[in-house]
Ligand SMILES: [Zn+2]
């Protein structure tokens, strides 16, 4: 690895540390949507892997907003803290033992992981979800998603969504290789786009859509051999202008963070919360319950 490449890597690392999300504090999670919940039923397809997105006309936004939100958790790095990690960086770094405890708690409490196609079917058609659904998402393509999170999830037959920032592909040892991403996909996980180098969609102009969205989508599709249909906004930032741009590029849903949802196209701003490093199990459990309405 050349010196320049190391510099770029660290630059991206800093970028993701400092600003990947808005506040991970669950108190900042907006209260959104109505309370009319579609009751999940037993016996649903819990594999949900690589199933086609249902076609047909979308229901009115009010129908989607009226369904009970599924808890969606967002993780960044999964590793033990170093003395050099700043206080704010630690929000984005989950110590390994804590992560393991969180996955065990989800499993022991009867949670079932769901994937975006299942969520999409639920939101658009009311298709049932398994009991106690939760979605696990990992942003930025960190290598510990493969080396630490993936083996842990396998213990419980959990599946997840990995949102890849393609500039980092193959930049070992900090980031996953193409082969690692492919292995995650082949194991039934979902690969989503997280842009080329983490620039906010709110600032795109000219060729930015091609650089940040079109080329990364092509690259990820070449790796997985399948369409890339889900997107996570860098920093969780979005605006309405981005929705049609993403839709015309084949994305059927996009994920933000603990922000409000847009009442014109709620599929394009599905809420997640960042699980901040340092949370106690009590905080973790409370956040899952209180942040999604
Ligand atoms: Zn990110």
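General remarks:
- With all pairs of different C-alpha atoms in the average, the Kirkwood value for the hydrodynamic radius of segment 142-230 is 13.4 Å.
- In segment 138-293, inverting the average of 1/r over every pair of distinct C-alpha atoms gives 16.3 Å as the Kirkwood radius.
- Per residue, the convex hull volume that the Cα atoms of segment 213-269 enclose (Å³): 77
- Sorting 81, 238 from the fewest to the most surrounding beta carbons within 10 angstrom yields 81, 238.
None of the figures in this text is laboratory data; all of them are computed from the coordinates on show. All of these numbers come straight from a predicted model, not from anything done at the bench. Cβ sites come from the backbone with ideal geometry, for glycine too, and all protein chains shown count toward neighbours.
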